[in-house]
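Q: The structure's right below; bear with me while I get my questions together.
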Amino acid sequence: MLRPFVAYLRVYEPLSAFGETVDPRLVEAVERAKLTRADAGEREQRMWLKSQVATPARLLPAELVDGRPAPSAKTDLLVLDPAEVPVVPDGGAEVGPGPLVCPLELRARSAAALVNFLGDAHPALRSAVLTAGGVTAESIRARTAAALGELRGSVVHVLSTTWTVPLPWFALVDPDQRRLVLGSSRHDPRRELSWRVAMGDAQRRVEEAYELVEQTFGDSGPGRVLEETGRWLSHFHPNSAVELDYGGLVQLIADPILESDKSAEDVHNILDALREGNVEELAELFGELRDYWSELAARERSN
């Protein structure tokens, strides 16, 4: 079974960040956690399918027919050991104590996506979807508000994007700390390209990148992404970890290309070129990145 062609930016928090008295269900789920990063994408895919084939169909995955969250909404999570997170020496950032926890929060993430759809979709498309589902915009807003209202801190722990990785995300990581596992084939569940970084280091890098981009280009697209990402990170415990994961995109990339992928390095070189005012290098690096990721994104249109 193919993993969804989705990349992720995840935050893993210490258990202490989930309240003075941590929900026993969460503690138990962490103790018996077996979900891997590859499994997480497949789990989300199965939950989506299950919500649609149920009778009656569920508005959101990981919820019961009456709109209450399903038990899995509390127990679907990923766990990370702080020892697996590189920290910049003498940078002041700390990670842990462990275990570090990243709830999948599929119901809430789906609710947020549905809210965005209602706000951005063409009226004809929105009307067709509402009619097909036998729901009204008002009922959807009420259900999605309830799902989002259950989030601690009003933010999800996972951001995701299909068919590509937003280039500003690479500013958060150290290019030299990538985790590459090719596996036996493109569809090996062990296949991975990811980076992990201490929250303090990620916040410092995103702030520096935003200031540089904002001074050079003003309120541009990349600047907005960096600003929004920095704001999102600020909601979490300072001793958390951040993970940038290519997720199912690794299935689209051949071994030699995945091995030579230097997107993170190129983004950091672009930032250096901005600092030095090197326009020629900036244009060359950006052109290479644009071509590389545009080719991957183009596969969405052929699927």
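Q: Let me see the pair-distance distribution of the range 155-273: every alpha carbon pair, 10 Å bin width, integer percents in order.
A: Pairs per bin, as whole percents: 13, 43, 33, 10, 1.
Q: Continuing with the same structure: How large is the accessible surface per residue of the range 148-200, computed with a 1.4 Å probe and reported in Å² as a whole number?
A: Details: 2280 Å² over 53 residues.
Averaged over the residues of the range 148-200, the accessible area is 43 Å².
Q: Just the projected area, averaged over all directions, of the convex hull on the alpha carbon atoms of the range 203-303: how many nm²?
A: 8.0
Q: For the range 188-225 and the range 104-142, what is the centre-to-centre distance using only Cα atoms, to the nearest Å?
A: So the two Cα centres are separated by 30 Å.
Q: Can you work out ³J(HN,Hα) from phi for every residue in the range 122-131, in order, using Karplus 6.51 cos²θ - 1.76 cosθ + 1.60 and θ = phi - 60°, giving whole Hz and x for Gly and Pro?
A: For the range 122-131, the Karplus curve yields 4, x, 5, 5, 4, 5, 5, 5, 5, 5 Hz.
Q: Then there's this: Can you give me the orientation-averaged projected area of the convex hull built on the Cα atoms of the range 49-102, in nm²? Numbers along the way, then the final one.
A: On the way: hull surface 22.4 nm².
Orientation-averaged projected area of the Cα hull: 5.6 nm².
Q: Let me ask something else. Distances over 17 Å make up what percent of all Cα-Cα pairs in the range 1-96?
A: Working: 2895 of 4560 pairs.
Considering the range 1-96, 63 percent of its Cα-Cα pairs are separated by more than 17 Å.
Q: So, with +1 on the Cβ of K and R and -1 on the Cβ of D and E, and no other charges, what is the size of the charge dipole of the chain about its Cα centre, to the nearest 20 debye?
A: On the way: 33 positive and 47 negative charges, 367 e Å.
It comes to approximately 1760 debye.
Q: Shifting gears a bit: Can you send over the carbon and sulfur percentage of the accessible area for the chain, probe radius 1.4 Å, protein chains only? If you can, show how the numbers build up before the last one.
A: On the way: 8140 of 15380 Å².
Answer for the chain: carbon and sulfur cover 53 percent of the accessible area.
Q: At q = 0.09 Å⁻¹, what log₁₀ I(q)/I(0) does the chain have when each alpha carbon counts as one equal point scatterer in the Debye sum?
A: One equal scatterer on each Cα of the chain leads to -0.49.
Q: Give me the lysines in straight-line cross-link reach of Lys74: C-alpha distance below 18 Å, same-chain residues under 8 apart excluded.
A: Within reach: Lys34, Lys50.
The values are calculated or read from the model by the stated rules, or taken from the named source; none is laboratory data. Computed from a predicted structure; not experimentally measured. Counting neighbours? That spans all protein chains shown, and the Cβs are built from the backbone with ideal geometry, glycine included. To get the accessible areas, we keep the full protein, side chains included, count just its heavy atoms, and leave off ligands, DNA and RNA. Shrake-Rupley method; radii C 1.70, N 1.55, O 1.52, S 1.80 Å.
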